[in-house]
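The values are calculated or read from the model by the stated rules, or taken from the named source; none is laboratory data. Please read all numbers here as calculations on a predicted model, not as lab measurements. Using ideal geometry, Cβ is built from the backbone for each residue, glycine included, and neighbour counts are taken over all protein chains shown. Protein only, heavy atoms only, side chains kept; ligands, DNA and RNA dropped before computing areas. Shrake-Rupley method; radii C 1.70, N 1.55, O 1.52, S 1.80 Å.
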Amino acid sequence: MQDILNKLGIEKENLGGFGGEWVGGAEVIESVSPIDGKVIASVKQVTEAEYEAIITRAQTAFESWRVQPAPYRGELIRQLGIALRDYKAELGALVTIEMGKIRPEGEGEVQEMIDICDFAVGLSRQLYGLTMHSERPGHRMYEQWHPLGVVGVVSAFNFPVAVWAWNAALASVCGDSVLWKPSSKTPLTAIACTKIAEQVCRDNDVDPAIFSLVIGRGSTIGEKLINDRRVPLVSATGSCRMGRRIGAVVGERLARTILELGGNNAIIVTPEADLEMAMRAILFGAVGTAGQRCTSTRRIIVHNSLKQTLVDKLIAAYGQVKIGDPLAEGTLMGPLIDGTAVDDLLNAIEKVKAEGGKILCGGEKFSGDQYPGGCYVTPCIAEANNEYEIVQEETFAPILYVIGYDSLDEAIGLHNGVPQGLSSSIFTKNLLEAERFLGHAGSDCGIANVNIGTSGAEIGGAFGGEKDTGGGRESGSDAWRAYMRRQTNTINYSTELPLAQGIKFGE
């Protein structure tokens, strides 16, 4: 592990703020690995005065960065993608050590960063506006997109590097600077990424403050960021509770948000599904990342004629899941992020029972002598009703609710009958069922899949959801527009001054 930390520039004690220079003078926090409960390294959080210096420098960096041609900005991101390739193994391992996801998932997260850099490079030559015909003779109209400013990025522990990259790569080619406040549970990966980006900037004589970092308490540094009028856009990933706070504060000052919040994702399994394929998708969706993805599969809505068969297959498959050290080859599920997450799972199980549900398998906390200091549990399957209060919530842990249905209309109603609306899926070989699910009266989620699980979105499509998920979109498609300001331009190349709508004034 020390070799990994050394290559990434992580020391025993690290500074938690960067705005062209590294600073950190507030209280020290420790990054504790959920693998064994041991301290990896410590971080000195930023003070409010240091925050002020960092945001000021980020604003100055934006003012020089915004006037650079977009393809030039894309070249910097191309080089960032190359640097991430060079550090993929080490950075992926640090994600595993600090967050707990298995090593292939850790490296997969770094690959997402590389992919979004590649996407952003192409985008840097495609920041298109439109031209339109003016109703006034001798006039030309068009729209264009300008850089927005300092973009605040608030990321969660479960994707400690990819979410920053989704935002930073697009925002930077759009001409913005980025101020990142990562989760205090995973500060080391944020420091490592910022150091990689800093070196790429310095190699190109670019002010590295376009990629700034503030590690600090949400109650102080987080509040300063979301209240800061110099931050016209805050992109936040996290809980619905957090999103409501950020949305209210940022909205009060009439700035923008990109909110990617909770998910309560379901898979509908119809009588015409490929059951083996569905079972594999459910297994990864529910057990992958120990159920700590916003797109993790939380609910299975299965036709009653198949319910027992599918349950039997899932229980058998769950029994084969290798749980343990996420760095070890063959491990399929690592630990939860911390003891609080373990308690959340155990409390959810008690609530299921109290509401009349049944635990079908799993949900046990590993004893200390098996994994001393670690936060390990067995993944849980529960039979439940959709209207249970606990089923309506998102428990960020590997608990899967199985719910039966009789008609497709009933299944879609159950599917949509939760406050969240992120990711969704149907397994069927029936074209009519698939199209019904994807139609206007089908899934109400931002992501809807057919014969694919709820988890594992590609960077080419805009990522996000509806309802309590927040309505924001990150990553691909036309999500870049959120990071820019739109301007309509009209040029009069005549010698007259006609008014729109045929208005005559002063004649």
With a ≥ b ≥ c taken as the square roots of the eigenvalues of the C-alpha gyration tensor of region 276-351, please select rounded if a/c is under 1.5 and otherwise prolate if a/b is larger than b/c or oblate if it is not? oblate
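Report the FRET efficiency, 1/(1 + (r/R0)^6), for residue 126 and residue 354, where r is their Cβ-Cβ distance and R0 is 56 Å, rounded to 0.05.
Working: r = 54 Å, r/R0 = 0.96.
Once rounded, the FRET efficiency stands at 0.55.
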Between residue 272 and residue 204, what is 0.36 nm times their sequence separation minus the Cα-Cα distance? Round to one decimal in nm. 18.9 nm
Residue-wise, which Karplus ³J(HN,Hα) couplings in Hz belong to region 161-169, taking 6.51 cos²θ - 1.76 cosθ + 1.60, θ = phi - 60°, and x for glycine or proline? 10, 5, 5, 4, 5, 3, 7, 5, 5
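Normalising by the residue count of the chain, find the relative contact order in percent from Cα pairs under 8 Å and 6+ residues apart.
On the way: 1152 pairs, mean separation 89.9, N = 507.
For the chain, the relative contact order is 18 percent.
Considering only DSSP beta bridges where both residues belong to region 401-507, give the percentage that are antiparallel (nearest 5). Don't jump to the answer; show the numbers that get you there.
Details: 4 of 8 bridges.
If I count the DSSP bridges inside region 401-507, around 50 percent turn out antiparallel.
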Going by a ≥ b ≥ c, the root eigenvalues of the Cα gyration tensor, does the chain fall in the rounded group (a/c under 1.5), the prolate group (a/b larger than b/c) or the oblate group? oblate
Simple spin-label model, 7 Å along Cα-to-Cβ: residue 466 to residue 68 in nm? 3.9
Given the rule -39500 (n - 2.57) for each run of at least 4 DSSP H residues, summed and divided by the residues of the chain, what is its mean residue ellipticity at 222 nm, to the nearest 500 deg cm²/dmol? -11500 deg cm²/dmol
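Which net charge results when you count Lys and Arg as +1 and Asp and Glu as -1 among the other residues whose beta-carbon is under 13 Å from that of residue 283? Write down the numbers at each step before the final one.
Numbers: positive: 280, 313, 322; negative: 276.
Once all neighbours under 13 Å are counted, the net charge is +2.
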What full-extension length gain, to one decimal in nm, is calculated for residue 458 and residue 432 as 0.36 nm per residue of separation minus the Cα-Cα distance? 6.8 nm
Only Lys, Arg, Asp and Glu count, each charged at its Cβ (+1, +1, -1, -1), so figure out the dipole size of the chain about its Cα centre, rounded to 20 debye. 860
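Among DSSP beta bridges lying fully in the chain, give the percent that are antiparallel, nearest 5. Walk me through the numbers on the way to the answer.
Values: 28 of 71 bridges.
Antiparallel bridges make up about 40 percent of those DSSP assigns within the chain.
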Helix 187-203 versus the longest principal axis of the chain: what is the Cα-based angle in degrees, 0 to 90, to the nearest 10? 30
Taking Cα atoms only, helix 339-354 is inclined relative to the longest principal axis of the chain by an angle, in degrees rounded to 10, of 60
Order of 421-431, 104-114, 40-50 by packing, highest average Cβ count within 10 Å first? 421-431, 104-114, 40-50
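Once the piece of chain linking residue 364 and residue 327 is laid out straight, how much longer is it, given 0.36 nm per residue of separation minus the C-alpha distance between them?
Working: separation 37, 0.36 × 37 = 13.32 nm, distance 2.19 nm.
Answer, rounded to one decimal: 11.1 nm.
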Sorted by accessible area (1.4 Å probe), largest first, how do 401, 72 line up? 72, 401
Ranked from the most accessible area to the least, with a 1.4 Å probe and all protein chains present, what is the order of 309, 469? 309, 469
Distance violations [Cα-Cα > 26 Å] among 44/224; 185/224; 12/185; 12/365; 12/322; 185/313: 12/365; 12/322; 185/313
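Arranged from highest to lowest average of other beta-carbon atoms within 10 Å per residue, in what order do the peptides 24-34, 233-243 appear?
On the way: 24-34: 17.9, 233-243: 22.3.
Sorting 24-34, 233-243 by mean packing, highest first, produces 233-243, 24-34.
Relative contact order for region 210-312 using alpha-carbon pairs under 8 Å, separation at least 6, rounded to a whole percent? All intermediate terms of the calculation are to be shown ahead of the outcome.
Details: 106 pairs, mean separation 22.7, N = 103.
Result for region 210-312 is 22 percent.
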Can you list the HN-Hα couplings for region 58-72, worked out from phi with the Karplus curve (6.51, -1.76, 1.60; θ = phi - 60°), rounded to whole Hz and with x for Gly and Pro? 5, 5, 5, 4, 4, 4, 8, 6, 5, 8, 6, x, 4, x, 5
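Got a sec? What order do 414, 170, 254 fall in by accessible area at 1.4 Å, biggest, i.e. largest, first?
So the residues, ranked largest to smallest area, are 254, 414, 170.
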Diffing region 258-272: the Karplus 3J(HN,Hα) column from phi (6.51, -1.76, 1.60, θ = phi - 60°), in whole Hz with x for Gly and Pro, holds 10, 10, 10, 10, x, x, 9, 6, 10, 10, 8, 10, 9, x, 9
How much accessible area does residue 322 have with a 1.4 Å probe, in Å² rounded to the nearest 10? 100
May I ask you to derive the relative contact order of region 1-49, considering only C-alpha pairs under 8 Å and at least 6 residues apart, and to give it as an integer percent? 37
Please label the shape of region 26-102 as rounded, prolate or oblate, based on the square roots a ≥ b ≥ c of the eigenvalues of the alpha-carbon gyration tensor (a/c under 1.5 means rounded; beyond that, a/b larger than b/c means prolate, else oblate). oblate
Dipole moment magnitude, nearest 20 debye, region 386-507 about Cα centre, only Lys, Arg, Asp, Glu C-beta charged: 660
Accessible area of the chain divided out per residue, in Å², using a probe of 1.4 angstrom: 41
What does the accessible area of residue 132 come to, in Å² to the nearest 10, when a probe of 1.4 Å is used? 70
Just grab the label-to-label distance for residue 36 and residue 494, each label 7 Å out from Cα along the Cβ direction, in nm (one decimal). 7.9
